[in-house]
Amino acid sequence: MTYGHEMTPDVETVARTDAGLASELRLSVVRLARRLRSERDPANVLSVGAMSVLGVLIRNGESTVGQLAASERVRPPSMTRTVAALADAGFVVRRASASDGRVTLVEISAKGRQTLYADRRQRDAFLARQLAGLTPAERALIRKAAPLIERLATS
């Protein structure tokens, strides 16, 4: 069904069904992600994908290229290129595994950590300003929804 401009239902109306809720949540999450990407640290030259790899290394610690590829849902050759670029620029350090010299471990460097944290601070500050414009009740709802959204994102 298509709607004319004056007939477009509001979010609350569409979200009454599970399918409508899924559609509205998808659209809202995509818009928020796009907005957060635009609020990145201006000094940051890394791609969103490279930043995501640094985030995985912060969360999980040193990892193999295969583990990083699985975590980011990309093919190992693609992750190998990303890790090589990050290593060449000093954002990560690669080293052979002590238990198996054929395995390369990737660890975030001090430069990578500093870059990731600066970028996160920039985007967190933007989001904090946006949240400050909400009512206490609205912030309480988001506080309750945040763990559920995380569960959806990681399941």
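A few points about this structure:
- 5 angstrom amide H check on Leu105, placed H, neighbours 5+ away: Arg95, Ala96, Ser97
- Computed extension length for Ser28-Glu150: 42.5 nm, one decimal, from 0.36 nm per residue of separation with the Cα-Cα distance subtracted.
- Residue among Val30, Val56, Val83 with the largest mean-square fluctuation in a Gaussian network model of the chain, springs linking Cα atoms under 10 Å: Val30
- Contact order relative to length of the stretch 88-155, as percent, for alpha carbon pairs under 8 angstrom and 6 or more apart: 20
- Mean Cα-pair separation over length for the chain, i.e. relative contact order, pairs under 8 Å, 6 or more apart, %: 21
- For the chain: rounded, prolate or oblate by the Cα gyration tensor [a/c cutoff 1.5]: prolate
Any read-out appearing in this document is the output of simple, stated calculations on the displayed coordinates, not a laboratory observation. From a predicted model like this one, the values you see are computed outputs, not experimental measurements.
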